[in-house]
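Visitor: Sharing a structure with you now.
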Amino acid sequence: MEAVPPGLKLQLANEPLAAVFARLIAATGPLSLAQFMAESNARYYMTRDPLGGDGDFVTAPEISQMFGELIGLWLADMWMRAGCEEPVHYVELGPGRGTLARDALQAAKRFGLVPQIHFVESSLALKARQLTLHPTAQWHDSLASVPTIGPILLVANEFLDALPVRQLVRTPQGWRERMVAFDEPSSGGETFMFVAGSQPRDSALPAGNLEQDWREASEGAIVETCPAAVAIVSEVAERLVAQGGAALFIDYGYVEPQTGSTLQAVRDHRSVDPFASPGESDLSAHVDFAELARVAQSREARWLGTVGQGHFLRALGIEARAANLAAAAPQHAQAIMAALDRLIGEGEMGALFKVMGLAAPNWPESTGF
Ligand code: SAH
């Protein structure tokens, strides 16, 4: 798994990334959007903890302990029904502050599941935070170094959406890579802008089931793909088949094929222009869950389903858990119910966020889907 493509190794941590990009574009021409996004997020995550009220965005595990607890119960349930095999590995991709792992592993322990902990994390700032909660964890740059003996119980929450996307744009000459150029208009100022690449890219269109539609797409149409997410889900699927285990991928995403750009930038809990301050805002794109389910199945892993986060958490009993917590601490009841609504409400995270479950072919059926 090489989520961040090699390339711009000329980043100097104290030089604004916009200046690095401008220099690079002047020297070698426009950058692909994928490279722009990869380098921007590498800088962004490397230098800060973006989570929580003081940061740029809030994720489900930071909203309530119920989220991680139910994921831990789901993993423990799968592991027990598969025969309590040891050694067993808890693997989390992009664990943020380590909160989800803390809540999940606490819940799992009650059922005798005490796995080895493996974190795939690129950010030094976040590794430092994870270390305080998980002193026995092992850190990895990619899945490649995670042990190959014993089942893996893998979780990735809001990880795939941070991986670089590639966009193809329909031009009168056919499909082209969507590139980022840099302009210094005579009116002053400087701006990044999209341009179409010079090379034909028709062969890079996803096979999908829409080949006919691709040919008939109108000028300006955009098709987005995420090769890094495909590579990671393939690798996870192969691990599940070879070692046993189960995996949950949770993200903002879609299950029907669609066209158009879903690239967005968030800073200080607000949507901003992705080009305004590269490396200073979180760039993300929606996850194409249909494609990822296809990829996992093509590697012989079992696809358990892809459902809304609200559906998944309800099926695991989040409403009863919230009622118990509220009864035990009436002074917090209102906050607990507000958190419940944020996690499962249709207008909140309940429908937009999806949960995709995968398992080894010989592992049991699951609840939640
Ligand atoms: N899962 C956490 C954090 C989500 S933010 C939560 O739900 O709160 C995205 C996480 O992925 C961060 O930990 C970030 O540092 C990590 N990350 C982003 N890109 C990565 C990459 N290419 N390789 C490894 N980790 C990455």
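The values are calculated or read from the model by the stated rules, or taken from the named source; none is laboratory data. Computed from a prediction, not measured in an experiment: that's the story for all the values here. Because the Cβ atoms are built from the backbone with ideal geometry, glycine has one as well, and the counts that use them run over all protein chains shown. What goes into the accessible areas is simple: the full protein's heavy atoms, side chains included, and nothing from ligands, DNA or RNA. Shrake-Rupley method; radii C 1.70, N 1.55, O 1.52, S 1.80 Å.
Visitor: In degrees from 0 to 90, rounded to the nearest 10, what is the angle of the helix 33-46 Cα long axis to the longest principal axis of the chain?
Guide: 50 degrees
Visitor: If you build the convex hull over the alpha carbons only and average its shadow over all orientations, what do you get for the chain? Give it in nm² to one decimal.
Guide: Computing the convex hull of the Cα atoms and averaging its projections yields 19.7 nm².
Visitor: Expressed as an acute angle from 0 to 90° and rounded to the nearest 10, what is the orientation of the C-alpha long axis of helix 227-243 relative to the principal long axis of the chain?
Guide: The angle comes out at about 30 degrees.
Visitor: Something else about it: Report the percentage of all Cα-Cα pairs in the stretch 80-225 whose separation exceeds 27 Å, rounded to a whole percent.
Guide: Tail of the P(r) past 27 Å holds 51 percent of the pairs.
Visitor: Quick one: order CYS226, CYS84 from most to least accessible surface, probe 1.4 Å.
Guide: CYS84, CYS226
Visitor: What are the residues whose amide H is under 5 Å from the amide H of ALA221, where those residues sit 5 or more places off or on another chain and H is modelled from the backbone?
Guide: ARG170
Visitor: Here is a follow-up. Express the accessible area of the chain per residue in Å², computed with a 1.4 Å probe while the remaining protein chains stay in the model. Display every interim value, and only then the final one.
Guide: Values: 16130 Å² over 369 residues.
Per-residue accessible area for the chain comes out at 44 Å².
Visitor: What distance in nm separates the simple spin-label points at ALA320 and THR171, each placed 7 Å from Cα in the Cβ direction?
Guide: About 5.9 nm, to one decimal.
Visitor: Compute, for ASP77, the solvent-accessible surface of its heavy atoms (probe 1.4 Å) with the complete set of protein chains present, and express it in square angstrom to the nearest 10.
Guide: Answer for ASP77: close to 40 Å² accessible.
Visitor: Looking at the stretch 183-310 from every direction and averaging, what is the projected area of its Cα convex hull in nm²?
Guide: One quarter of the hull surface, i.e. the mean projection, equals 11.5 nm².
Visitor: Another question, then. If I build a Gaussian network model for the chain, linking alpha-carbon pairs within less than 10 angstrom, which residue out of ALA237, ALA76, ALA207 has the largest mean-square fluctuation?
Guide: Maximum fluctuation in the GNM of the chain, among the listed residues, is at ALA207.
Visitor: Specify the angular offset, from 0 to 90 degrees and rounded to the nearest 10, of the alpha carbon long axis of helix 318-328 from the longest principal axis of the alpha carbons in the chain.
Guide: Approximately 60 degrees, to the nearest ten.
Visitor: Could you work out what % of the accessible surface of the chain is carbon and sulfur, using a 1.4 angstrom probe and leaving DNA, RNA and ligands out of the count?
Guide: 53 percent
Visitor: If you average the C-alpha positions of the stretch 258-288 and of the stretch 99-171 separately, how far apart do those two centres end up, in angstrom?
Guide: One Cα centre to the other: 23 Å.
Visitor: Trypsin sites (Lys or Arg not before Pro) within the stretch 9-96: which are DSSP loop residues with at most 16 other Cβ atoms inside 10 Å?
Guide: Hits after loop and neighbour filter: LYS9, ARG48.
Visitor: Using only the heavy atoms of the protein chains and a 1.4 Å probe, how would ILE149, ILE222 rank by accessible area, largest first?
Guide: ILE149, ILE222
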